[in-house]
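First the structure, in the form of structure tokens, and then the observations on it.
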Amino acid sequence: MTHVGINGIAGRMGQTIFETAQERDDVTVTFGLDVDDADRSVPVYSPDETETALAEHDPAVVIDFTVPEATTTLAQACADAGVGLVVGTTGFEEDGFAVLSETSAEVPLLKATNFSRGIQALLRSLGPALEALSTYDVEVMETHHNAKRDAPSGTAKTILEEIGEYRDFETVPGREGIQPRTEDEVGMLVRRAGDIRGEHEITIAGNDEVLTLQHRAEDRAVFAAGALDAAVWLAGRGAGRYEFGDVIDDS
Ligand code: NAD
């Protein structure tokens, strides 16, 4: 049984991870951390009590779905306490990535911009498609709920990075006015509406045909399940940086 804490337990993902864990027998949530109050059946600590929470509960892993500033503060505490970290938070800038890199020198750290298996499959199918359709235009679109803070989504950025493995391009965020498309650009379109869990679509078009790779998360439980799988997989591993793809390769 893997003991985990949840950073951001009062949030949308924190709550879903907590509920999803109740239905599993390989992982148990022993505490949470959040700036907001949360009515959970485990102790919930404020961020300034992080060291106390880690010492009292001695989790194998903390799962973090918060904001970048909260993740980096937690990461330093986890490095000091020898606790592994699963990071789902998106929207990091360079300084945040640097802290996570330092943390992974001390403890096991697994970060993914998307914990759904479908997105992993989509990322893996992108390369062969781009190789076969090397002259076709590529456009990316993502849609999320109206409370999402960062744009484009972390997943969309991961998709753009993957496209960058196969071709040189400039990312063009939407288009306005007279702006004809050039050969070496990828349009990045962002939509925010309602409670949409997360949709990503890659259009590859040319030569009188269109290939569309599309993924739609229908429930946050898909990300929660992936994050919990990652936590169970990460527990007890050595310090280092791990990917969600490593978890999938092993399962
Ligand atoms: P949310 O706003 O519902 O929840 C975030 C929680 O973090 C809130 O409860 C907030 O009070 C808490 N928080 C803020 N500052 C904190 C601090 N200093 N210490 C502890 N807790 C703090 O957001 P959400 O929809 O749950 O998403 C959270 C993050 O997860 C976002 O970055 C989002 O993009 C990302 N996300 C990633 C995946 C993935 O698969 N990797 C999936 C969904 C969402």
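Output the number of residues of region 25-41 satisfying the condition of being farther than 24 Å from E69 by Cα and either in contact with an Asp or Glu (Cβ under 7 Å, 6 or more places away or on another chain) or surrounded by fewer than 16 Cβ atoms within 10 Å (Cβ to Cβ) (or both).
Narrowing region 25-41 to residues farther than 24 Å from E69 by Cα: 25-28, 41.
Right, trim to either in contact with an Asp or Glu (Cβ under 7 Å, 6 or more places away or on another chain) or surrounded by fewer than 16 Cβ atoms within 10 Å (Cβ to Cβ) (or both) and you get 25-26, 28, 41.
The number of residues fulfilling the criteria is 4.
Restricting the search to region 62-86, which residues are within 14 Å of the chain's Cα centre (by Cα) and among the β-branched types (V, I, T)?
Start the filter on region 62-86 by keeping residues that are within 14 Å of the chain's Cα centre (by Cα), which leaves 63-68, 71, 85-86.
Within region 62-86, I63, T66, V67, T71, V86 meet the criteria.
Has region 100-110 got any residue that is in contact with a Phe, Trp or Tyr (Cβ under 9 Å, 6 or more places away or on another chain), within 16 Å of the ligand (Cβ to nearest atom), part of a loop (DSSP other than H, G, I, E, B) and in the same structural domain as A225 (by TED's automatic domain parsing)? Lay out the reasoning, then the answer.
Residues of region 100-110 in contact with a Phe, Trp or Tyr (Cβ under 9 Å, 6 or more places away or on another chain): 100, 104, 108-110.
The next check asks that each one be within 16 Å of the ligand (Cβ to nearest atom); those that pass are 100, 109-110.
Narrowing further to those that are part of a loop (DSSP other than H, G, I, E, B): none.
The answer is no, given that none of the residues of region 100-110 is in contact with a Phe, Trp or Tyr (Cβ under 9 Å, 6 or more places away or on another chain), within 16 Å of the ligand (Cβ to nearest atom), part of a loop (DSSP other than H, G, I, E, B) and in the same structural domain as A225 (by TED's automatic domain parsing).
Give the number of residues within region 196-251 that are within 18 Å of T143 (Cα to Cα) and in a loop (DSSP other than H, G, I, E, B).
Summing the residues that are within 18 Å of T143 (Cα to Cα) and in a loop (DSSP other than H, G, I, E, B) in region 196-251 gives 7.
Quick one: which of A98, A105 is out of contact with any Pro (no Cβ under 6 Å at 6 or more places or on another chain) and without any contact (Cβ under 8 Å) to a residue 60 or more places away in the chain? If you could, list the steps in order and put the result at the bottom.
On the way: A105 fails: without any contact (Cβ under 8 Å) to a residue 60 or more places away in the chain.
None of the other options fit; the residue is A98.
Determine whether region 139-152 contains at least one residue that is crowded, with 16+ Cβ neighbours inside 10 Å, in contact with a Leu (Cβ under 6 Å, 6 or more places away or on another chain), outside the structural domain of N207 (by TED's automatic domain parsing) and not polar (S, T, N, Q).
So far as region 139-152 goes, no, none of its residues is crowded, with 16+ Cβ neighbours inside 10 Å, in contact with a Leu (Cβ under 6 Å, 6 or more places away or on another chain), outside the structural domain of N207 (by TED's automatic domain parsing) and not polar (S, T, N, Q).
The values are calculated or read from the model by the stated rules, or taken from the named source; none is laboratory data. Owing to the predicted nature of the structure, the values given are computational and were not obtained by experimental measurement. Don't worry about glycine lacking a Cβ; one is built from the backbone with ideal geometry, like all the others, and counts go over all protein chains shown.
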